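The values are calculated or read from the model by the stated rules, or taken from the named source; none is laboratory data. Because the structure is a prediction, the values reported are computed rather than measured. Cβ sites come from the backbone with ideal geometry, for glycine too, and all protein chains shown count toward neighbours.
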């Protein structure tokens, strides 16, 4: 999976981190050298996807499932996209990133390998 994440990062200038994570916030794969940053992003994403689901459940036709969250920050953007059951793709990019291109590349990646990004539920703290 590493080469696919690297391809995403290299195809969109200003990309800083690419992380695949489970719904409970554990890093599955990453592109970038800083494993601590990838772990922090993955952990933060668990709360963010839960919050997005709660907000989405308030929509009349919504079912509470999050598709994509984009946060514009001072200095850049953060993207979180559902990538399969209980799996997510997260990207942190610097200011100046082409937001439309990033969204398109993330959707393309999820469409190509989404079934490989699925994580089973964890039971008693161990992989299910």
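Could you grab me the full set of residues in the stretch 11-70 that are in contact with a strand residue (DSSP E or B) (Cβ under 8 Å, 6 or more places away or on another chain), in a loop (DSSP other than H, G, I, E, B) and either buried (at least 19 other Cβ atoms within 10 Å of the Cβ) or at pLDDT below 95 (or both)?
12, 23, 32, 34, 65, 66, 67
For the stretch 57-96, what are the residues that are in contact (Cβ under 8 Å) with a residue 40 or more places away in the chain and within 16 Å of residue 19 (Cβ to Cβ)?
Narrowing the stretch 57-96 to residues in contact (Cβ under 8 Å) with a residue 40 or more places away in the chain: 76, 83, 86-96.
Those that are in contact (Cβ under 8 Å) with a residue 40 or more places away in the chain and within 16 Å of residue 19 (Cβ to Cβ): 76, 83, 86, 87, 88, 89, 90, 91, 92, 93, 94.
Out of (1) out of contact with any helix residue (DSSP H, G or I) (no Cβ under 8 Å at 6 or more places or on another chain); (2) over 18 Å from residue 9 (Cβ atoms); (3) surrounded by fewer than 12 Cβ atoms within 10 Å (Cβ to Cβ), the odd one out for residue 95 is which?
It is condition (2) that residue 95 fails.
Scan the stretch 106-116 and give yes if some residue there is over 18 Å from residue 20 (Cβ atoms), under 14 Å from the mean Cα position of the chain (by Cα) and either surrounded by 11 or more Cβ atoms within 10 Å (Cβ to Cβ) or at pLDDT 85 or above (or both), otherwise no.
no
Looking at (1) surrounded by 19 or more Cβ atoms within 10 Å (Cβ to Cβ); (2) over 22 Å from residue 12 (Cα atoms), which is the only condition residue 89 fails?
In the conditions (1) surrounded by 19 or more Cβ atoms within 10 Å (Cβ to Cβ); (2) over 22 Å from residue 12 (Cα atoms), residue 89 misses (2) alone.
Looking for something out of contact with any helix residue (DSSP H, G or I) (no Cβ under 7 Å at 6 or more places or on another chain), more than 19 Å from residue 113 (Cα to Cα) and part of a helix (DSSP H, G or I) - is there at least one such residue anywhere in the stretch 73-80?
Going through the stretch 73-80, the residues out of contact with any helix residue (DSSP H, G or I) (no Cβ under 7 Å at 6 or more places or on another chain) turn out to be 73-76, 78.
This time we only want the ones that are more than 19 Å from residue 113 (Cα to Cα), so: 73-76, 78.
Those left that are additionally part of a helix (DSSP H, G or I): none.
No: the stretch 73-80 contains no residue that is out of contact with any helix residue (DSSP H, G or I) (no Cβ under 7 Å at 6 or more places or on another chain), more than 19 Å from residue 113 (Cα to Cα) and part of a helix (DSSP H, G or I).
Select from the stretch 74-100 the residues that are at pLDDT below 95 and out of contact with any strand residue (DSSP E or B) (no Cβ under 9 Å at 6 or more places or on another chain) and list them in ascending order.
Correct list: 84, 85, 100.
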